[in-house]
Amino acid sequence: MPDVRYMPGHLIRRLHQMSTRTFSRCMQEAGQDMTPVQFAALDAVAANPGMDQAAIAARIGYDKATIGGVIDRLEQKKLVVRHPSPHDRRARLVEPTEAGRARLAALSPLVAAFQDDILAPLTAEERETFVALAAKVVRP
């Protein structure tokens, strides 16, 4: 049997842990209360104002059943607002607030800056290859 430490699933789980830890550390150092999923959801909402929660979940690869809690927390932080869809009473459309746009603008450079930290042992060329391969697996 292969060494579990070198199986793709194990390595992906470990890399996810490292990425989440780096994100959390950087947000804490910046005095921000934001999780990786909240950041991804806020980014999706700002890029597509008026998107429904199911579409946000699909865009960021998150579970439809739990995206509501993520949006709840963003709404509690006054970063987004929700309103019923005029076309589907079951759907809730999400819009960024001005505070949400400002927070995203402030955090985006921080998040972009620590991406290299996540893959620090790799060369620039290896990072590019890694991202291309990971994207190919995630979005076949």
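Brief remarks follow.
- Members of the range 97-127 found to be more than 20 Å from Arg21 (Cβ to Cβ), touching a residue at least 12 places away in the same chain (Cβ under 8 Å) and either β-branched (Val, Ile, Thr) or in a loop (DSSP other than H, G, I, E, B) (or both), listed by number: Thr97
Residue-by-condition table, conditions (1) β-branched (Val, Ile, Thr); (2) in contact with a strand residue (DSSP E or B) (Cβ under 7 Å, 6 or more places away or on another chain); (3) within 22 Å of Asp117 (Cβ to Cβ):
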{"residue": "Ile12", "(1), (2), (3)": "yes, no, yes"}
{"residue": "Gly31", "(1), (2), (3)": "no, no, yes"}
{"residue": "Ala46", "(1), (2), (3)": "no, yes, no"}
{"residue": "Ala55", "(1), (2), (3)": "no, no, no"}
{"residue": "Gly68", "(1), (2), (3)": "no, no, no"}
{"residue": "Leu74", "(1), (2), (3)": "no, yes, no"}
{"residue": "Arg89", "(1), (2), (3)": "no, no, no"}
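- Restricted to the range 28-50, and to residues there that are in a helix (DSSP H, G or I), touching a residue at least 60 places away in the same chain (Cβ under 8 Å) and not charged (D, E, K, R), the residue that is surrounded by the fewest Cβ atoms within 10 Å (Cβ to Cβ) is Phe39.
- Against the numbered list (1) surrounded by 15 or more Cβ atoms within 10 Å (Cβ to Cβ); (2) at pLDDT 95 or above, Gln53 comes up short only at (2).
- Condition met for Arg59 (outside any strand (DSSP E or B), surrounded by 16 or more Cβ atoms within 10 Å (Cβ to Cβ) and among the charged types (D, E, K, R)): yes
- Among residues of the range 69-96, those that are exposed (fewer than 15 other Cβ atoms within 10 Å of the Cβ) and part of a helix (DSSP H, G or I), counted: 3
- Here Asp88, Asp43 are screened, and the one residue that is among the acidic types (Asp, Glu) and modelled with pLDDT of 95 or more is Asp43.
- Complete set of residues in the range 66-97 that are farther than 17 Å from Ala46 by Cα and among the small types (Gly, Ala, Ser): Gly69, Ser85, Ala91
- Filtered residues of the range 98-140 (kept if within 20 Å of Ala40 (Cα to Cα), among the polar types (S, T, N, Q) and exposed (fewer than 14 other Cβ atoms within 10 Å of the Cβ)): Gln115
The values are calculated or read from the model by the stated rules, or taken from the named source; none is laboratory data. Since the model is a prediction, treat every value here as computed from it, not as a measurement. Heads up, the Cβs are rebuilt from the backbone with ideal geometry, glycines too, and the neighbour counts pull from every protein chain shown.
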